[in-house]
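See structure below.
The values are calculated or read from the model by the stated rules, or taken from the named source; none is laboratory data. What you see is a predicted model; the values in this text were computed from it and never measured. Cβ placement follows ideal geometry from the backbone for every residue including glycine, while neighbour counts extend to all protein chains displayed. When the accessible area is computed, the model is the full protein with side chains, heavy atoms only, and any ligands, DNA or RNA have been set aside. Shrake-Rupley method; radii C 1.70, N 1.55, O 1.52, S 1.80 Å.
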Amino acid sequence: MPSRADIHYFGAGPAALPTDVLEIAAQALLDFKGTGLGIAEHSHRSELATNIINEAKADLASYLDIPTSDYETIFMQAGGTGEFAASVYNLVGAWVARQHAAILQELGDGDEAAVVAALRKKVESDLKLDYIVTGGWSLKAYQEAVRLLGPEYVNLAADARTINDGKFGKIPDQSTWKLSKDAALVYYCDNETVDGVEFPEFPAILAPKADGSGPIVVADMSSNILSRRIPVSNYSLIFFGAQKNLGSTGVTVAILKKSFLPPTTVQPSAPLLRKLGLPIPPIILQYEIIAKNNSLYNTLSIFDVYIAGQVLKKLLRTYENKVDGQQAVAEKKANLIYSALEAHPDVYQIVPDKSVRSKMNICFRVTKNGNVDEAEKSFLKEATALNLTGLKGHRSVGGIRASNYNSIPLEGAEKLAKFIDDFAKA
């Protein structure tokens, strides 16, 4: 049987973790810092737990250059899928709060029924959430918004399938996006794990104006966070599951602009939302509640936060220039793999358009000898024999997917590129 050191695991998630981080975590599970108890046994209300959370937040801010005076980082549960709902609940709530304040200023607060009636009319006529759908995950986010609010409130601003024969693999030109006026949010998935599509840069059409105004932009960065520099200040909300580049399954991170939290923005009350016919969020998905309690409203998995913190410390030790150093490595690895595929167009077909190819999830088909199914089975079997594992594509689309996360060393990308070349020539 191969040892851990022999394996290069290209699975899409959970991803491999650095061995030295796992060794530190394993010891912490048995006896954390000489306390005689493992980290998973300590109370989440302890000073120890608070320090782990605060250190992870500080290291994440340092690595990504998050302006902490303007943004709050919170650790949550329920994964990126939970954030599909949380982003809807919280940013619709913020939109309602803004409209409520404007109506109160106009009508005063003497006639509550009149205020509620005016607010309900405003909701029915103007509330819109915009979604840019470029792959399976953004489609799920859009569908969740429709399920929670109803289709009348959710705008499919762009659908990549309309320009690619019903399939994902391209990003529609921004000039064609049908964005709403004063949308409660504009959502997109920065990197589509299933389809191998990644936005090459922040969409210019969503950029804030010189005075700071502009769309309320929400991005799911579950599968490319920590791999490249991002303009944090362009976003109102960034969320991501930890299990790709940050840590282990079980913790989700939200980076939220503080202007969406008290005292600037207070979420509407449950009775008011009922009167408006809008859904009431579960308290565990309310950002203001989680932020107020420093991510400890309920029992958070401190062990998972600890692993994320250790990954961040390793990144900060490894790259003096922080995320820019990791980005250079990610680009080099991706270029090696894509170049190997491009060298044999008669054997490999890269799925997404070249302009939007993901550096994290490299999706392709094997067409050798005209029998795709047999060619891909042979590719996977021979790759596994060389300890190149986790390469099978997502069950919904098939094919091959090499997930080039931060835990894949340059050596692993080189070995995969060589195998791609050797397989084509055999």
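How about segment 41-53: which of its residues are open to solvent by 60 Å² or more (accessible area, probe 1.4 Å) and either acidic (Asp, Glu) or closer than 23 Å to GLN326 by Cβ (or both)?
Selection gives GLU41, GLU47.
Output yes when any residue across segment 156-166 is under 18 Å from LEU91 (Cβ atoms), open to solvent by 30 Å² or more (accessible area, probe 1.4 Å) and part of a helix (DSSP H, G or I), and no when none is.
Within segment 156-166, none of the residues are under 18 Å from LEU91 (Cβ atoms), open to solvent by 30 Å² or more (accessible area, probe 1.4 Å) and part of a helix (DSSP H, G or I).
With respect to GLY80, is the statement that it is touching a residue at least 12 places away in the same chain (Cβ under 8 Å), under 30 Å from ASP165 (Cβ atoms) and in a helix (DSSP H, G or I) true?
It is true that GLY80 is touching a residue at least 12 places away in the same chain (Cβ under 8 Å), under 30 Å from ASP165 (Cβ atoms) and in a helix (DSSP H, G or I).
Collect the residues in segment 301-332 that are among the hydroxyl-bearing types (Ser, Thr, Tyr) and either surrounded by 22 or more Cβ atoms within 10 Å (Cβ to Cβ) or farther than 22 Å from LEU22 by Cα (or both), keeping them in residue-number order.
Selection gives TYR306 alone.
Quick one: how many residues across segment 56-90 are farther than 28 Å from GLU144 by Cα, in contact with a helix residue (DSSP H, G or I) (Cβ under 7 Å, 6 or more places away or on another chain) and among the hydrophobic types (A, V, I, L, M, F, W, C)?
4
Answer yes or no as to whether VAL88 is under 25 Å from PRO271 (Cβ atoms), surrounded by 15 or more Cβ atoms within 10 Å (Cβ to Cβ) and touching a Gly at 6+ places or on another chain (Cβ under 9 Å). Break it down into steps so the answer makes sense when it comes.
Details: under 25 Å from PRO271 (Cβ atoms): yes; surrounded by 15 or more Cβ atoms within 10 Å (Cβ to Cβ): yes; touching a Gly at 6+ places or on another chain (Cβ under 9 Å): no.
No; evaluated as a whole, the condition is false for this residue.
Looking at segment 392-415, can you tell me whether even one residue there is of a type in the set (A, V, I, L, M) and in a helix (DSSP H, G or I)? Break it down stepwise before answering.
To start, the set of residues in segment 392-415 that are of a type in the set (A, V, I, L, M) comprises 397, 400, 402, 408, 410, 413.
Filter once more, keeping what is in a helix (DSSP H, G or I): 410, 413.
The answer is yes; a qualifying residue exists.
Test each condition in (1) within 30 Å of LEU139 (Cα to Cα); (2) touching a residue at least 60 places away in the same chain (Cβ under 8 Å); (3) buried (at least 21 other Cβ atoms within 10 Å of the Cβ) for GLU376 and report the one that comes out false.
(2) is the only condition that GLU376 fails.
Given (1) free of Cβ contacts under 8 Å to residues at least 40 places away in the same chain; (2) open to solvent by 50 Å² or more (accessible area, probe 1.4 Å); (3) closer than 30 Å to ALA402 by Cα; (4) in a helix (DSSP H, G or I), identify the lone condition not met by LEU139.
Looking at each condition in turn, LEU139 falls short on (2).
What about VAL218, is it aliphatic (A, V, I, L, M) and touching a Ser or Thr at 6+ places or on another chain (Cβ under 6 Å)?
Spelling it out, VAL218 is indeed aliphatic (A, V, I, L, M) and touching a Ser or Thr at 6+ places or on another chain (Cβ under 6 Å).
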